[in-house]
1. I'd like the full set of residues that are under 15 Å from ALA125 (Cβ atoms) and of a type in the set (Val, Ile, Thr), limited to the range 48-72.
2. Restricted to the range 52-75, and to residues that are of a type outside the set (A, V, I, L, M) and in contact with a helix residue (DSSP H, G or I) (Cβ under 6 Å, 6 or more places away or on another chain), which residue is surrounded by the fewest Cβ atoms within 10 Å (Cβ to Cβ)?
3. Go through ASP114, ASP91 for me and flag whichever is over 21 Å from PRO13 (Cβ atoms) and without any contact (Cβ under 8 Å) to a residue 12 or more places away in the chain.
4. Applying the selection to the range 36-52, what residues are small (Gly, Ala, Ser) and over 10 Å from VAL74 (Cα atoms)?
5. Return a yes/no flag: does the range 31-41 have any residue that is free of Cβ contacts under 8 Å to residues at least 24 places away in the same chain and either under 19 Å from ALA89 (Cβ atoms) or crowded, with 17+ Cβ neighbours inside 10 Å (or both).
6. Residue under question is ALA104, and the condition is that it be farther than 23 Å from LYS5 by Cα, among the aliphatic types (A, V, I, L, M) and either touching a strand residue (DSSP E or B) at 6+ places or on another chain (Cβ under 9 Å) or assigned to a helix (DSSP H, G or I) (or both); does it hold?
Amino acid sequence: MLPEKFFLEIVTPSQLLYSGNVTEATVPGLAGYMGILPGHAPLISELTIGEISFVEQASRRKHHMFCAWGFCEVLPEQVSVLAQIAERAEDIDLSRAESAKARAEQRLNAKDPDTDFKRVQLALARALHRIQLAKKSNR
């Protein structure tokens, strides 16, 4: 019989963002989003820019977080997310994210040959994901 829950821990270099039992989770892996259920086969994946979501076992409430880079280790009864950057959707500063988006778009449109376009594209992707999550959290 498969377990009904697994233990999820989401940490960044500066803080523990979540620690508790969940019934499902989704993380942004390099090859695409990975859905994780209790009893999942073991794996390790690099994370990219995107959304982490999970359903808390006790409250059945779905949580959303922004994530950029890191690693995820999946075991049948435990998942560890070690993110370089992560923040809860409700903690995202929408005006800051919109300003970051505008700056990135301005740099891309300027077509300055000295611009590191890959870096600007990543900044734009982070801003767009933050904006989407902030709006999803009904703010």
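1. THR48, ILE49
2. First, the residues of the range 52-75 that are of a type outside the set (A, V, I, L, M): 53-54, 56-57, 59-64, 66-67, 69-73.
Still in the running and in contact with a helix residue (DSSP H, G or I) (Cβ under 6 Å, 6 or more places away or on another chain): 64, 66.
Details: HIS64: 18, PHE66: 25.
That would be HIS64.
3. On the way: ASP91 fails: over 21 Å from PRO13 (Cβ atoms).
Criteria check complete, one pass: ASP114.
4. Of all residues in the range 36-52, those small (Gly, Ala, Ser) come to 39, 41, 45, 50.
Answer for the range 36-52, where residues must be small (Gly, Ala, Ser) and over 10 Å from VAL74 (Cα atoms): just GLY50.
5. yes
6. Details: farther than 23 Å from LYS5 by Cα: yes; among the aliphatic types (A, V, I, L, M): yes; either touching a strand residue (DSSP E or B) at 6+ places or on another chain (Cβ under 9 Å) or assigned to a helix (DSSP H, G or I) (or both): yes.
Yes, satisfied.
Taken together, the values in this text are just the output of simple stated rules run on the coordinates, not laboratory data. Small disclaimer: the values here were computed from a predicted structure and weren't measured. Here the Cβ is made from the backbone with ideal geometry for all residues, glycine too, and neighbour counts use every protein chain on show.
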